[in-house]
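Here the structure is laid out as structure tokens; the discussion comes afterwards.
The values are calculated or read from the model by the stated rules, or taken from the named source; none is laboratory data. From a predicted model like this one, the values you see are computed outputs, not experimental measurements. Methodologically, a virtual Cβ is constructed for each residue, glycine included, from the backbone with ideal geometry; neighbour enumeration extends over all protein chains shown. Side chains are part of the model used for accessible areas, which takes the heavy atoms of the whole protein and leaves out ligands, DNA and RNA. Shrake-Rupley method; radii C 1.70, N 1.55, O 1.52, S 1.80 Å.
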There are 2 protein chains.
Amino acid sequence: MNIQTPVRPPELRAEAGARRMAHSALTAQGVTPSLPEFLRMVEKTREHLFTTAEPVPLSDLQGWRHTPDGMALAHHSGGFFRVVGLSVDMPDGPVPRWSQPIIDQPETGILGILVKEFGGVPHLLMQLKPEPGNRNGLQLSPTVQATRSNYTGVHRGRGVPYLEYFLDPPRVLADVRQSEQGAWFLRKRNRNMVVETGGDVEVREGFHWLTLGQVNALLAVDDTVNMDSRTVLSCLPLTRTGAVGGDAFGAALDRSLGPDADALHPTTDILSWITGARAAARMATAPAALRDLPGWHRVDGRISHEEELFFDVIGVRVEASGREVDHWTQPMIAARGTGLVALLVADFGGVLHVLLNLRAEPGLIDGPELGPTVQYTSDTYARLPAAARPALLDRVLDAPPESIRFDAVQSDEGGRFYHTVNRHLVIETEPLPEPPGHRWVTLRQTQDLLRHSNYLNVQARSALACLRGLLGRSGG
Amino acid sequence: MNIQTPVRPPELRAEAGARRMAHSALTAQGVTPSLPEFLRMVEKTREHLFTTAEPVPLSDLQGWRHTPDGMALAHHSGGFFRVVGLSVDMPDGPVPRWSQPIIDQPETGILGILVKEFGGVPHLLMQLKPEPGNRNGLQLSPTVQATRSNYTGVHRGRGVPYLEYFLDPPRVLADVRQSEQGAWFLRKRNRNMVVETGGDVEVREGFHWLTLGQVNALLAVDDTVNMDSRTVLSCLPLTRTGAVGGDAFGAALDRSLGPDADALHPTTDILSWITGARAAARMATAPAALRDLPGWHRVDGRISHEEELFFDVIGVRVEASGREVDHWTQPMIAARGTGLVALLVADFGGVLHVLLNLRAEPGLIDGPELGPTVQYTSDTYARLPAAARPALLDRVLDAPPESIRFDAVQSDEGGRFYHTVNRHLVIETEPLPEPPGHRWVTLRQTQDLLRHSNYLNVQARSALACLRGLLGRSGG
């Protein structure tokens, strides 16, 4: 580094990167065949690259045992992850106290997408990757999904293709630790990275260069772009292009990404609102014995809630096909019912705003984070107190079909979650008053927050990836 | 709120607020008498508003006892704070393992400065407040220093003047939770707030409206602006004025505050560097019994390190004079020796950059934070491994007098720390290569980071307040 040469103003430089990615979002055809051809190829790949995951009793898992103190279900090697018990006190919440199993995997993994320009258009290197919890096996994943043990110690990066780009990034577009599901992971974060290279990149089997526009189009197909991809995509800077034709919605979406977008609330006020809520939040969590967790029992070889609510901890036997044949057993979380992740969006003075809801979740590290407008599972909420019902649920459930701008089912991460999916909705509405705990924000404001940890939860990020994916696609 | 009317772009609005505060920084005379008169008044106030704090054995403290399990020194009411033992594992640090006492006070307090315009110039409402740990009693403190118990429950805000402005802020200029000393406080943060009002404000005894320029001038006087004020001041947005005459240093300082300031590193790269270091950081802390803390013993009625290093936990008997006469006893931390908090600054292409050092400290919540270039106590470091010696210590200690732009002794918070002070230095240097763990950043970059928690430690914030205080003061 020549330390005597400052670069141009950092914000202008970031804006230039965001503009190039927006250009990629508006490019429907890149170096990879057209989308229909790509999808046919995905179907073909499914035939030889897949995993099967068969539920088995937890007692049949090889090497997984309750720890002698009954606190956790753990692998005898001490590796992978543990399922532990947690007792939660949230005196101001609709349910002031409960116990639950939760996944304990304190390390920070890397979720990284490699970017390279072809013909002046940035492309994303995406991997077709089977994961055992996926209903349909194969989904589009980031270039790299690496656990910490993949990239530290003597094996530093060997065995994980392309990991070297993320350990020593040539050019960083995004790099931020973001939370995983706060209801199911205890204080877990992954490092979400987007890195660009100008050098030659060998394309390995199962990897494909796609434009952001192509990835965005795939978001509209059920169960196709995996959760790790969606959270990384949500952290990718975009900006207003002005080049979006079509309807008012598309133009308002584009404007919402611009640094000059008018906003209902100054960002300082949004930050102050979050700061105040966090300073006032009263949530205490403590380890609890998994073996004797109040409200939970072990039946049929799984750990279930006594009222059949929330989720089960199940065992699965996995067989993976592909170039290497492999098989193993592991615990997984299986949610009950299909979840709902919905964003209400509205046009305020020509700028699209999205309504976010500040939510406390027991696994989050630093207090409440912004979730989508509605984050909900019908089986569960039906039996919770009325106060737990999301404020705008009816508005979402009764949305007129023509107001629905996005509607696709998206999978939770297939390495830990079994057939666990959320219907993702983006619904256009007229400007509404903000219920308690809700704020209308611009996409630029979410993007500024997403440069930092602990602001937007994984459901909000997943939904924002879908909303941003509409850029340039709603017109005419 | 009329939710249908977006405000102008948030960043422009924030910039307007920053511009007004910069104007205040350049205003040497406000509604309060001139600075010499103000200082004479401070000396006069000392005569009737003071506290005396006399060291006493810990066993003489009234109501403070070791908890039955030996883990903590606590007040029998359960209130105030506790001194606990902590064992620390930092396998990659120069000292890989140690134990220490640390203050446990998990609540988030409010440190708030109220702002109001007089004659078109924003003024800060500062309080002359005696605190027992201060060597000189009285110092300038924020409008409000409130613990959580001051502002929750049935007593909501009664008894703390001006607290209502911070519980329901009319206009927020800054509001962010920031860490306290990571070596002495366990996961403690306070909410740093700057709030503006347009309404009438009754000025109570001991409170004074000062321009930011006046407060900045007082920073140059030893032990005058307290730590709580300095950290809040560091979070106050400023921007380039262009109106600074004088020398190249002053102009480079002004430019460094501008949103268009060229920077050595894109902010995305700074964030990526921090993210990477945090993802890789290996520090584990665990509660340890204070009564049997390895390396520490109880002698002469205090808890001291066996080699007389670091700090002591002492008892003090406090007598406060003023309108109410009051007295109490409490434990305090007394550092050994005067600390050093130094910033190296350099001109890169006409823009002042400051060299910050990413440091792990056991009490920090979310991994390493950026500290000053050098954070050091000679008595302690003299006996630590050479690797613990700050990289640029010699450069600071041997700085030519003409390169020293700021030099004043500043007190740590006088409610918890007894006669604990740090010499604050700002030293101008030529551009230097960055030692490992160090980065040159602009003041605008520090300001952008300071909108969020967990980036800059309290020593860095205190030093930045001093550096920013030179705005408009170095010329001619």
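A few notes on this one:
- Contact with the other protein chains removes 20 Å² or more of accessible area, compared with the isolated chain and a 1.4 Å probe, from these residues of segment A:333-357: A:Phe348.
- For segment A:96-128 and segment A:56-93, distance of Cα centres in Å: 24
- At 7 Å out from Cα toward Cβ: A:Gly437 inter-copy label distances (nm, ascending): 4.2
- A:Gly199 sits among other residues whose Cβ lies under 12 Å from its own Cβ, and their net charge, with Lys and Arg +1 and Asp and Glu -1, is -3.
- In plain terms, the bigger the Kirkwood radius, the slower the diffusion; for segment B:348-476, with that radius from Cα pairs, at 20 °C and 1.002 mPa s, Stokes-Einstein puts D at 135 µm²/s.
- In a fully extended conformation the segment linking B:Val203 and B:Ser149 would gain 17.0 nm over its present Cα-Cα distance, using 0.36 nm per residue.
- Contact surface B-A: accessible area buried, both sides summed, square angstrom, 1.4 angstrom probe: 4500
- The mean number of Cβ atoms from other chains found within 10 Å of a Cβ in peptide B:276-289 is 3, as a whole number.
- Axis-nearest residue in chain A [Cβ, rotation onto B], distance in whole Å: A:His452, 3
- Of the residues B:Lys44, A:Lys116, ranked by 1.4 Å probe accessible area with the largest first, the sequence reads B:Lys44, A:Lys116.
- Within-10-Å neighbourhood charge of A:Pro266 [Cβ basis; K, R +1; D, E -1]: +1
- Of the whole protein surface, A:His265 contributes about 20 Å² of accessible area at a 1.4 Å probe radius.
- For A:Ile365, solvent-accessible area (1.4 Å; no DNA, RNA or ligand), Å²: 40
- Charge-dipole axis of chain A as Lys and Arg at +1 and Asp and Glu at -1 on Cβ define it, positive-most pick from A:Leu384, A:His76, A:Trp64: A:His76
- Using a 7 Å projection from Cα along Cα-to-Cβ, the label point at A:Gln62 is separated from the same position in the remaining copies by 7.0 nm, smallest value first.
- Counting Cβ atoms of other protein chains within 10 Å of each residue's Cβ and taking the mean over peptide A:431-440 gives 1.
- Cβ-Cβ distance of B:Glu307 and B:Glu164, R₀ of 45 Å, FRET efficiency by 1/(1 + (r/R0)^6): the value works out to about 0.35.
- Only protein heavy atoms count here; on that basis, with a 1.4 Å probe, A:Arg240 has an accessible area of about 80 Å².
- Working from Cα pairs under 8 Å separated by at least six residues, relative contact order for segment B:9-476 is 22 percent.
- Most tightly packed first, judged by the mean number of other beta-carbon atoms within 10 Å of their residues, the peptides B:278-286, A:195-203 read B:278-286, A:195-203.
- Cα-based shape type of segment B:19-129, given that a ≥ b ≥ c are square roots of the gyration tensor eigenvalues and the cut on a/c is 1.5: prolate
- Residues A:Arg395, A:Arg405 ordered from highest to lowest accessible area at a 1.4 Å probe: A:Arg395, A:Arg405.
- Under 26 Å of direct C-alpha separation, and excluding same-chain neighbours fewer than eight residues apart, A:Lys188 reaches these lysines: A:Lys129, B:Lys188.
- Kirkwood Rh, angstrom, the protein assembly as shown [1 / mean 1/r, Cα pairs]: 29.5
- Protection-proxy order for peptides A:327-334, A:440-447, B:426-433, each taking the mean of Cβ atoms within 10 Å per residue, highest first: A:440-447, A:327-334, B:426-433
- For the peptide A:10-17, the mean number of other protein chain Cβ atoms found within 10 angstrom of a residue's Cβ is 5.
- Tensor-based shape of segment A:215-366 (alpha-carbon gyration tensor, a/c under 1.5 rounded, otherwise prolate or oblate): oblate
- Ranked by the mean number of other Cβ atoms within 10 Å of their residues, highest first, the peptides A:253-263, B:458-468 fall in the order B:458-468, A:253-263.
- The local environment of B:Ala460, defined by Cβ-Cβ distances under 10 Å, has a net charge of +1 under the rule Lys, Arg +1 and Asp, Glu -1.
- Mean ellipticity per residue at 222 nm, deg cm²/dmol - from DSSP H runs of n ≥ 4 across chain B, formula -39500 (n - 2.57): -6000 deg cm²/dmol
- Percent of alpha-carbon pairs separated by more than 43 Å within chain A: 12
- The contact residues of segment B:447-461, meaning those that lose at least 50 Å² of 1.4 Å-probe accessible area when all protein chains sit together rather than their chain alone, are B:Arg451, B:His452.
- Per-copy distances of the A:Met41 label point, shortest first, in nm (7 angstrom along Cα→Cβ): 7.6
- Accessible solvent surface per residue of segment B:9-476, calculated while the other protein chains remain in place, 1.4 angstrom probe, Å²: 37
- Percent accessible area from carbon and sulfur atoms, chain B, protein chains only, probe 1.4 Å: 50
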